[in-house]
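Trainee: One structure follows; several queries about it will come next.
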Amino acid sequence: GRELFRNVDADAAPRPIDSADVKEYLRGIAGEDFTAKDFRTWYATRTALRGLERCPVQSKTQARAEVKRVLGEVARKLGNTPAICRKSYVHPIVIETYLAGELQCHGKTRTSCTQRLFRLLARATGGRGRRSNGAGAATLN
């Protein structure tokens, strides 16, 4: 895989760390076949949910503008374009629920964003766990 960074081993020798090393490490700590993309997808979906929850839907035009704005913010954080972010990283259930006016706005609440996201993803997948979002991005629930 592509060299990502270097680590100094026990003998003080620099050792390159590549994408295969990162994938192996993630599999080891997660106990399943997770990749860095799974973590990016989770982060992007959760960040989009938090951003959209702050913006109550007042009209379809305003809702579409908010989705565009939030996807732009998430894309900047990931270093992608909004189109790639929407297609490959943000689970569609978050955007669909928001555009339908069904996403509740949350200020201070006892339910964490992660818990709310788990509920949305469970609804989208019928509680089946990992699945593709239709665009090749794995989602976790």
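Trainee: Looking at the structure I just gave you, is Phe5 touching a strand residue (DSSP E or B) at 6+ places or on another chain (Cβ under 7 Å) and not charged (D, E, K, R)? Lay out the reasoning, then the answer.
Mentor: Working: touching a strand residue (DSSP E or B) at 6+ places or on another chain (Cβ under 7 Å): yes; not charged (D, E, K, R): yes.
The answer is yes for Phe5.
Trainee: Let me ask something additional. Of the residues in the stretch 35-60, how many are in contact with a helix residue (DSSP H, G or I) (Cβ under 8 Å, 6 or more places away or on another chain) and under 21 Å from Gln104 (Cβ atoms)?
Mentor: Within the stretch 35-60, residues that are in contact with a helix residue (DSSP H, G or I) (Cβ under 8 Å, 6 or more places away or on another chain) and under 21 Å from Gln104 (Cβ atoms) number 13.
Trainee: Can you confirm whether Phe5 is loosely packed, with under 13 Cβ neighbours inside 10 Å and either without any contact (Cβ under 8 Å) to a residue 40 or more places away in the chain or closer than 19 Å to Tyr89 by Cα (or both)? Quick ask: steps written out before the conclusion?
Mentor: Numbers: loosely packed, with under 13 Cβ neighbours inside 10 Å: yes; either without any contact (Cβ under 8 Å) to a residue 40 or more places away in the chain or closer than 19 Å to Tyr89 by Cα (or both): yes.
So Phe5 passes the test.
Trainee: For the stretch 13-34, enumerate the residues that are in contact with a helix residue (DSSP H, G or I) (Cβ under 7 Å, 6 or more places away or on another chain) and not in a helix (DSSP H, G or I).
Mentor: Across the stretch 13-34, the qualifying residues are Asp33, Phe34.
Trainee: Quick check on my filter: what residues within the stretch 31-75 are of a type in the set (S, T, N, Q) and out of contact with any Leu (no Cβ under 8 Å at 6 or more places or on another chain)?
Mentor: Of the residues in the stretch 31-75, the ones of a type in the set (S, T, N, Q) are 35, 41, 45, 47, 58-59, 61-62.
Hits for the stretch 31-75 are Thr47, Gln58, Ser59, Thr61, Gln62.
Trainee: Based on this model, can you work out whether Tyr43 counts as in a helix (DSSP H, G or I), among the aromatic types (Phe, Trp, Tyr) and more than 9 Å from the chain's Cα centre (by Cα)?
Mentor: Details: in a helix (DSSP H, G or I): yes; among the aromatic types (Phe, Trp, Tyr): yes; more than 9 Å from the chain's Cα centre (by Cα): no.
Considered against the rule, which asks whether it is in a helix (DSSP H, G or I), among the aromatic types (Phe, Trp, Tyr) and more than 9 Å from the chain's Cα centre (by Cα), Tyr43 comes out as no.
Trainee: Being open to solvent by 50 Å² or more (accessible area, probe 1.4 Å), without any contact (Cβ under 8 Å) to a residue 40 or more places away in the chain, more than 25 Å from Ala20 (Cα to Cα) and part of a helix (DSSP H, G or I) is the filter here, so list the residues in the stretch 46-89 that pass it.
Mentor: Lys60, Thr61, Arg64, Ala65, Lys68, Arg69, Glu73, Arg76, Pro82, Ala83, Arg86
The values are calculated or read from the model by the stated rules, or taken from the named source; none is laboratory data. Bear in mind that the values here come from a model prediction, so they are computed numbers and not experimental data. Don't worry about glycine lacking a Cβ; one is built from the backbone with ideal geometry, like all the others, and counts go over all protein chains shown. Please note that ligands, DNA and RNA were not included when accessible areas were found on the heavy atoms of the full protein model with its side chains. Shrake-Rupley method; radii C 1.70, N 1.55, O 1.52, S 1.80 Å.
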